[in-house]
Amino acid sequence: MQMTKLIGKLGRNDARLISRDSFLVFMFVFVAILAVVIRVALPALNNLLAENGILPNETITQSLADFFPMLVSYVIMYTSSGVLVGTIFGFMLLDEKDDNTIKAIMVTPVSLDQYLLYRIGLPATLAFIFNIALIL
């Protein structure tokens with residue numbers, strides 16, 4: 001089976017699995033929430049701190065904007081896409097294990113190598129896309 005067909009068919013199944021579980025839906029939405037918070041709240045907080053004379057002040061010469069790259073890197077590395085997408089797909093694998101989906105895959109035209117490539121490649125691709133979205 002071609003990889004594009006496999007992604008289409010297994011992707012529909014994954015979307016159905018995610019949509020049935022509100023926790024997994026929230027985790028996908030949480031990535032979007034993080035992106036909005038980084039894009040909107042950090043500049044607003046920087047302006048608030050500057051207006052009130054907190055950052056910069058007499059003893060601290062840097063503003064919060066000087067730390068934006070470090071803060072964005074922290075959010076991306078530790079809390080966002082890689083961890084969340086990995087967690088989502090990890091929970092999906094647990095659901096599939098409970099439902100004996102792996103055994104059912106063994107009798108389909110999908111080889112185990114293709115299935116594992118899909119299971120590893122899709123989360124890695126999504127994490128990369130989410131990282132780029134968060135950076136922007």
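The values are calculated or read from the model by the stated rules, or taken from the named source; none is laboratory data. Since this is a predicted model, take the numbers as computed values, not measurements. Ideal geometry is used to build each Cβ from the backbone, glycine not excepted, and the neighbour counts take in all protein chains shown. Areas reflect the complete protein model, heavy atoms only, side chains present, ligands, DNA and RNA absent. Shrake-Rupley method; radii C 1.70, N 1.55, O 1.52, S 1.80 Å.
Go through the stretch 32-72 and give me each residue that's of a type in the set (V, I, T) and open to solvent by less than 80 Å² (accessible area, probe 1.4 Å). Across the stretch 32-72, the qualifying residues are I33, V37, I38, I60, V72. Applying a threshold of 9 Å to beta carbon distances and a minimum spacing of six or more residues, or different chains, the list of pairs starting in the stretch 30-57 at a residue that is farther than 23 Å from L134 by Cβ and ending at one that is modelled with pLDDT under 90 and of a type in the set (V, I, T) reads I54/I60. Restricted to the stretch 83-103, and to residues there that are of a type in the set (A, V, I, L, M) and surrounded by 11 or more Cβ atoms within 10 Å (Cβ to Cβ), the residue that is nearest to I129 (Cα to Cα) is V85. Among the residues making up the stretch 32-88, a single one is closer than 22 Å to L126 by Cα and in a loop (DSSP other than H, G, I, E, B): S80.
Assess whether V29 counts as being in a helix (DSSP H, G or I), modelled with pLDDT of 90 or more and loosely packed, with under 12 Cβ neighbours inside 10 Å. It is false that V29 is in a helix (DSSP H, G or I), modelled with pLDDT of 90 or more and loosely packed, with under 12 Cβ neighbours inside 10 Å.
From R16, R20, grab the single residue that is out of contact with any helix residue (DSSP H, G or I) (no Cβ under 8 Å at 6 or more places or on another chain) and exposed (fewer than 10 other Cβ atoms within 10 Å of the Cβ). Give the steps one after another, and end with the answer.
Details: R20 fails: exposed (fewer than 10 other Cβ atoms within 10 Å of the Cβ).
Of the residues listed, the single one that is out of contact with any helix residue (DSSP H, G or I) (no Cβ under 8 Å at 6 or more places or on another chain) and exposed (fewer than 10 other Cβ atoms within 10 Å of the Cβ) is R16.
Contact map, the stretch 96-110: first residue farther than 19 Å from I18 by Cβ, second residue open to solvent by 50 Å² or more (accessible area, probe 1.4 Å), Cβ cut-off under 9 Å, separation 6 or more or different chains; pairs are M106/L112; T108/M1; P109/M1; V110/M1; V110/K9. Among the residues of the stretch 100-129, count how many are of a type in the set (S, T, Y), in a loop (DSSP other than H, G, I, E, B) and under 15 Å from N13 (Cα atoms). Result for the stretch 100-129: 1. Within the stretch 20-58, the only residue that satisfies the criterion of being closer than 17 Å to G86 by Cα and among the polar types (S, T, N, Q) is S22. Tell me yes or no: at least one residue of the stretch 73-82 is modelled with pLDDT of 90 or more, aromatic (F, W, Y) and open to solvent by 40 Å² or more (accessible area, probe 1.4 Å). No; the residues of the stretch 73-82 include none that is modelled with pLDDT of 90 or more, aromatic (F, W, Y) and open to solvent by 40 Å² or more (accessible area, probe 1.4 Å).
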